[in-house]
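Peer 1: Before I ask anything, here is the structure I am working with.
The values are calculated or read from the model by the stated rules, or taken from the named source; none is laboratory data. Fair warning: this is a prediction, and the values are worked out from it, not measured in the lab. Note that each Cβ is placed from the backbone with ideal geometry, even for glycine, and that neighbours are counted across all protein chains shown.
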Amino acid sequence: MRHARGIRLLSIVALVAICCTGTAMAAVSFSSSRATVQVKLGGKWKGQYSGAVSGHFTLHWKQTGTRLHGTISLSNPKGKYGVGGSVDGKKIKFGAVGVGAKYKGKVNGTKMSGTWTSGKGGGSWSAHKAR
């Protein structure tokens, strides 16, 4: 009889442990999914850059999940170039293929800013969502 009671108690303890583990895993899953709120960057952005080369730009983004692609029109070197990149939370990185420029930075609502590098040097950039 003592043996049966011990096995029942052990079974109940095991069941409680499994339930608690499931609850803890669900909580981790919930908090992880909340941390990956996706920033919406699709549309038109206008900005400027300074440093080794200075000027202004217009970005036209299309966003698929965390991936970005579209075009960037630069004033210096003047032209329209393909651009691709990604967004991870509030961090953004992208590159303009035709000019070899790489940009990285942070997004905050309808504004973003960061640094850029290219074969000619680097500097800073900032942009805002255009209407």
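Peer 1: Which residues, taken from the stretch 61-72, are outside any strand (DSSP E or B) and either of a type in the set (Lys, Arg) or farther than 20 Å from Thr110 by Cβ (or both)?
Peer 2: Gly65
Peer 1: Only one of Ser73, Ser50 is farther than 20 Å from Gly121 by Cβ and either crowded, with 18+ Cβ neighbours inside 10 Å or in the same structural domain as Met112 (by TED's automatic domain parsing) (or both). Can you tell me which?
Peer 2: It is Ser73.
Peer 1: Scan the stretch 43-71 for residues that are among the aliphatic types (A, V, I, L, M) and more than 19 Å from the chain's Cα centre (by Cα) and report the count.
Peer 2: Number of matching residues: 2.
Residues checked against (1) of a type in the set (S, T, N, Q); (2) modelled with pLDDT of 95 or more:
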position: Ser29; (1), (2): yes, no
position: Ala35; (1), (2): no, no
position: Gly70; (1), (2): no, yes
position: Trp116; (1), (2): no, yes
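Peer 1: Do any residues in the stretch 96-119 that are in the same structural domain as Thr71 (by TED's automatic domain parsing) have Cβ atoms under 7 Å from those of residues that are part of a loop (DSSP other than H, G, I, E, B) and among the aliphatic types (A, V, I, L, M), where the two are at least six apart or on different chains, and which pairs are they?
Peer 2: Val107/Val39; Val107/Leu41; Ser118/Val99
Peer 1: Looking only at the stretch 73-131, count how many residues are in a strand (DSSP E or B), over 13 Å from Trp61 (Cα atoms) and of a type in the set (Ser, Thr, Tyr).
Peer 2: 8
Peer 1: Which of the residues spanning the stretch 83-113 are within 18 Å of Lys44 (Cα to Cα) and surrounded by 18 or more Cβ atoms within 10 Å (Cβ to Cβ)?
Peer 2: The answer is Val83, Gly85, Val87, Ile92, Phe94, Gly95, Ala96, Tyr103, Gly105, Val107, Met112.
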